[in-house]
Amino acid sequence: MNDIIYASATRIAQAIRHKEISAEEVVQAHLDRIGQVNEALNAVVQLCADRALSEAKAADEALARGDSVGPLHGVPMTLKDSLDTEGIISTGGTKGRESFVPSEDSVVAARLRAAGAILLGKTNTPEFTLAGETDNLIYGRTNNPYNQERIPGGSSGGAAAIIASGGSPLDMGSDTGGSIRMPAHFCGIAGLKPNTGRVPRTGHIVPYGMGAVDALTQNGPMARYVEDLTLTLPIISGPDWRDPAIVPMPLGDPADVSMDGLRIAMHTDNGIKTPTPETQEAVRSAARALEDMGAVVEEVTPDALEMIPDITANLNGGDGRAWVRRLLDRAGTTEISPFLQNRFDSAEPISTERFSQTLELLDQYRSLMLGFMEDYDAILCPTAAIAACPHGETWSDENKSAFTYTGAYNMTGWPGAVVRGGTSLDGMPIGVQAVSRPWREDVALAIASRLESALGGWQKPEL
């Protein structure tokens with residue numbers, strides 16, 4: 001197969017099963033590509049080449065014997081360094097875990113490997129995943145493949161950068177305020193934040209049980225193509241009987257979702273930060289494409305979005321980041337990154353009464369948003385107000401409110417999918433976000449898939 005490094009994981013799995021190409025050839029091709037681009041990107045921070053090739057050879061032998069194989073048999077993948085991987089250093093970007101080698105896989109890693117996927121290596125993440133840029137004191141900064149002076153986003157920036165560059169067809173991110181969807185937007189790939197309670201976080205650097213923040217975080221897939229998000233979601237979903245937030249809810253099939261008559265609320269400005277004209281046009285182009293497919297699109301902005309800044313600040317920092325200090329203590333970290341220090345510096349402890357009021361406001365926000373969605377099947381909106389900015393400018397006064405378009409749906413817990421829908425004036429990708437009703441990942445994925453076909457989706461970077 002030509003250009004196997006740019007094929008979808010779905011197509012790679014088919015090719016291996018049909019013996020059009022061997023798993024060993026596929027893995028070697030991706031390892032070669034990582035070798036070509038990683039010096040420029042610093043996206044892959046731990047490489048397990050020998051192990052990957054050994055597993056690929058075993059995968060080929062299993063096929064030759066006629067063994068029953070999983071849906072990802074022989075497919076290479078990378079995994080975000082926030083996820084534990086047995087026998088491979090898993091730092092979570094924090095110095096206290098610089099040489100930490102887990103004795104078992106995270107649940108997500110174990111499920112993917114059981115489905116036949118082969119781990120190539122770990123991808124970079126900011127410390128404890130708590131930044132919109134991917135940089136830490138262990139591995140340094142990761143660069144955007146479309147412009148190395150720009151951020152790939154965070155916290156799944158290493159994953160997005162290597163996927164966009166052809167070094168991996170698949171990775172798993174985690175998303176507390178946009179950490180899957182914003183890197184997908186910045187690097188022009190596809191990403192899904194599943195519904196809260198869908199995918200276990202057992203074995204993640206920020207585990208279940210972190211109090212109020214617990215309700216915001218979810219693991220989810222990242223790939224160049226939407227079909228791979230659809231392929232992997234059932235594999236990683238469902239209770240592990242350890243993460244108490246996981247609900248055994250059925251998954252719908254995106255193939256069964258028709259655009260004809262689908263009710264979509266579209267907005268290009270959340271009233272907090274006005275996006276660039278190119279970003280707004282990307283959303284409008286997506287809306288026009290969906291209308292051409294039969295969807296009913298109405299331009300309307302949920303009033304409740306104006307509540308986001310206050311709730312976010314008080315929910316994440318209202319305890320003075322005591323929950324982050326607990327993470328530091330568990331990891332044994334004493335020296336922290338500037339990005340994490342910024343989190344502490346910006347956190348203002350609030351009274352227990354005000355924190356209780358914040359939780360009440362959060363429930364009010366969720367209720368208002370549910371009421372809004374009574375009339376719609378999905379929301380179409382920007383992923384961020386800007387395309388990838390230069391390194392170090394994520395939390396500038398000008399940019400810090402540009403990233404409120406994703407956190408809105410961490411607070412509702414709803415699914416959100418991102419796919420490339422346009423290009424900025426300086427050539428950077430622009431993603432479009434489709435958010436669906438609770439537990440309806442099938443709708444978000446169906447919209448993203450149709451938009452990928454209509455607007456072009458991922459484009460190869462010149463790297």
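Here are the numbers:
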item	result
Enumerated helices (runs of 4 or more DSSP H) restricted to the stretch 4-68, each holding at least 1 residues that are among the acidic types (D, E)	23-41, 49-65
Sole exception among (1) within 30 Å of L137 (Cα to Cα); (2) in a loop (DSSP other than H, G, I, E, B) for Y376, by number	(1)
Candidates G422, G457, G407, filtered to the one that is in a loop (DSSP other than H, G, I, E, B), among the small types (G, A, S) and either crowded, with 19+ Cβ neighbours inside 10 Å or at pLDDT 95 or above (or both)	G457
Per-region count, the stretch 290-306, residues buried (at least 20 other Cβ atoms within 10 Å of the Cβ) and within 24 Å of E452 (Cα to Cα)	3
Which numbered condition D345 misses (of (1) in a helix (DSSP H, G or I); (2) touching a residue at least 40 places away in the same chain (Cβ under 8 Å); (3) surrounded by fewer than 19 Cβ atoms within 10 Å (Cβ to Cβ))	(2)
Within the stretch 57-94, tally of residues that are surrounded by fewer than 24 Cβ atoms within 10 Å (Cβ to Cβ) and not hydroxyl-bearing (S, T, Y)	18
Index of the failed condition, F355 passing every other in (1) under 18 Å from G318 (Cα atoms); (2) of a type outside the set (S, T, N, Q); (3) crowded, with 19+ Cβ neighbours inside 10 Å	(3)
Wholly within the stretch 153-269, strands (runs of 3 or more DSSP E) carrying at least 3 residues that are over 17 Å from the mean Cα position of the chain (by Cα)	263-266
One residue from L41, L130, L31, L120 being under 17 Å from D228 (Cβ atoms), in contact (Cβ under 8 Å) with a residue 60 or more places away in the chain and touching a helix residue (DSSP H, G or I) at 6+ places or on another chain (Cβ under 7 Å)	L120
Selection within the stretch 255-284 - polar (S, T, N, Q) and surrounded by 16 or more Cβ atoms within 10 Å (Cβ to Cβ)	T268, N270, T276, T279, Q280
Any chance G427 is in contact (Cβ under 8 Å) with a residue 60 or more places away in the chain, surrounded by fewer than 21 Cβ atoms within 10 Å (Cβ to Cβ) and in contact with a strand residue (DSSP E or B) (Cβ under 8 Å, 6 or more places away or on another chain)	yes
Odd one out for P309, checked against (1) in contact (Cβ under 8 Å) with a residue 60 or more places away in the chain; (2) closer than 30 Å to S449 by Cα; (3) in a helix (DSSP H, G or I)	(2)
Inter-residue pairs, beta-carbon under 6 Å, first among the hydroxyl-bearing types (S, T, Y) and in the stretch 1-16, second buried (at least 20 other Cβ atoms within 10 Å of the Cβ) and in a loop (DSSP other than H, G, I, E, B), 6+ apart	Y6/G166; S8/Y225
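Yes or no, residue by residue, for (1) of a type outside the set (A, V, I, L, M); (2) within 13 Å of V44 (Cα to Cα):
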site: L112; (1), (2): no, no
site: A115; (1), (2): no, no
site: E127; (1), (2): yes, no
site: T134; (1), (2): yes, yes
site: R141; (1), (2): yes, yes
site: G157; (1), (2): yes, yes
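Condition check ((1) buried (at least 17 other Cβ atoms within 10 Å of the Cβ); (2) among the acidic types (D, E); (3) within 22 Å of the chain's Cα centre (by Cα)) across all residues:
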site: N2; (1), (2), (3): no, no, no
site: S8; (1), (2), (3): yes, no, yes
site: H18; (1), (2), (3): no, no, no
site: L31; (1), (2), (3): yes, no, no
site: E39; (1), (2), (3): no, yes, no
site: N42; (1), (2), (3): yes, no, yes
site: C48; (1), (2), (3): yes, no, no
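The values are calculated or read from the model by the stated rules, or taken from the named source; none is laboratory data. Everything quoted here is computed from the prediction, not taken from an experiment. Cβ atoms come from the backbone with ideal geometry, glycine included; neighbour counts cover every protein chain shown.
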